[in-house]
Amino acid sequence: MSRRPRANRVRQLALPQLLPNLLTLGAICAGLTSLRFAIAGRFGEAVGLIILAAILDALDGRMARMMGSESAIGAELDSLADFLNFGVVTGMLVYLSMLSDIANLGWIAVLVYVVGCVLRLARFNVDARSPAPGPSLGGFIGVPSPAGAMLAMLPLFLNEALPAGTDVPDILSAGWLVIVGFLLISRIPTPSLKKLKMRPEHLPYWVILLVAIIAVLFTWPWWTLIAADVAYLCVVGWSALRRLSKQGKSEHEA
């Protein structure tokens, strides 16, 4: 019996190898459901679903690399999910919860943020396909879209954490959204948790730390999210100052 030519064979994937794409589709469903809750005024649930989408976004790529099931369609799905969840849905969530009273200015801020997100993702996709190595040594250039979404929601976190009557002014929320939009397309080097490595003997300590973080998040959710945003902003500020310092030294030596 003759065998089929190797070129005509179709690559077959086991069901577990499809799991990364299923996680990405789950993140898309979480984002769309977040938008539904935001329209209904249930902003706490909407924020929780954006966080779930960010967790799924962090897991799908790592799982694909571990299983050897990376694919072009998986990369496209991941990029589309990021734009939907951390661009469109996050922008609408902030608008509906914080900016609807200043409709025109608020919408302009949302447009700036969403356009910044899509430009950041387009640049990332181009850099990922480039044969030349990137300058970030395992990190990112500019704030990645999931972190940008968390920063964009900082005024919402503050409103939920602070006592009633001490809300963040709408105009400041709009201005902050514009700033985050520019951080997304900035050239500031930012760290990537995807390159974080740990020794096997340190794994129990990381597990305990993760459990502690989850416990704190469930006990004081808004203050924990605020603290995470502030800590990340400190890292971004330090990276920006370091980049400016290197540029100044290069110009001085030249």
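Quick notes
- A search for C-beta distances below 9 Å between a residue of the stretch 23-47 that is under 12 Å from Leu93 (Cβ atoms) and free of Cβ contacts under 8 Å to residues at least 24 places away in the same chain and any residue that is outside any helix (DSSP H, G or I) and open to solvent by 40 Å² or more (accessible area, probe 1.4 Å), counting only pairs 6+ apart in sequence or on different chains, returns Arg36/Arg42.
- Unique residue being touching a Ser or Thr at 6+ places or on another chain (Cβ under 7 Å) and not aliphatic (A, V, I, L, M) when the list is Asp101, Asp78, Asp57: Asp78
- The set of residues in the stretch 166-183 that are without any contact (Cβ under 8 Å) to a residue 12 or more places away in the chain and part of a helix (DSSP H, G or I) contains only Ile179.
- Restricting the stretch 137-165 to residues that are more than 16 Å from the chain's Cα centre (by Cα), in a loop (DSSP other than H, G, I, E, B) and under 30 Å from Ala103 (Cβ atoms), the residue that is modelled with the lowest pLDDT: Gly165
- Meets criteria (in contact with a strand residue (DSSP E or B) (Cβ under 8 Å, 6 or more places away or on another chain) and either surrounded by 15 or more Cβ atoms within 10 Å (Cβ to Cβ) or of a type in the set (D, E, K, R) (or both)) for Arg187: yes
- Asn21 vs. criteria farther than 28 Å from Leu225 by Cβ and at pLDDT 80 or above: yes
- Within the stretch 97-136, restricting attention to residues that are outside any helix (DSSP H, G or I) and among the polar types (S, T, N, Q), the residue that is modelled with the lowest pLDDT is Ser136.
- In the stretch 96-120, residue surrounded by the most Cβ atoms within 10 Å (Cβ to Cβ) [restricted to those that are under 18 Å from Leu32 (Cα atoms) and touching a Phe, Trp or Tyr at 6+ places or on another chain (Cβ under 7 Å)]: Cys117
- Considering Val94, Val89, the condition of being assigned to a helix (DSSP H, G or I) and over 16 Å from Ser173 (Cα atoms) is satisfied by Val89 alone.
- Long-range neighbours under 9 Å by Cβ, at least six apart or interchain, first residue of a type outside the set (Gly, Ala, Ser) within the stretch 238-254, second modelled with pLDDT of 80 or more and not in a helix (DSSP H, G or I): Arg242/Pro189; Arg243/Arg187; Arg243/Ile188; Arg243/Pro189
- Qualifying residue in the stretch 219-227 (condition: buried (at least 17 other Cβ atoms within 10 Å of the Cβ), closer than 22 Å to Asp101 by Cβ and either without any contact (Cβ under 8 Å) to a residue 12 or more places away in the chain or out of contact with any Asp or Glu (no Cβ under 9 Å at 6 or more places or on another chain) (or both)): no
- Residue match in the stretch 166-174 (condition: modelled with pLDDT of 90 or more and crowded, with 21+ Cβ neighbours inside 10 Å): yes
The values are calculated or read from the model by the stated rules, or taken from the named source; none is laboratory data. All values derive from a computational prediction rather than experimental measurement. Every residue, glycine among them, receives a Cβ derived from its backbone with ideal geometry; neighbour counts consider all protein chains shown. SASA here: full protein model, heavy atoms, side chains in, ligands and nucleic acids out. Shrake-Rupley method; radii C 1.70, N 1.55, O 1.52, S 1.80 Å.
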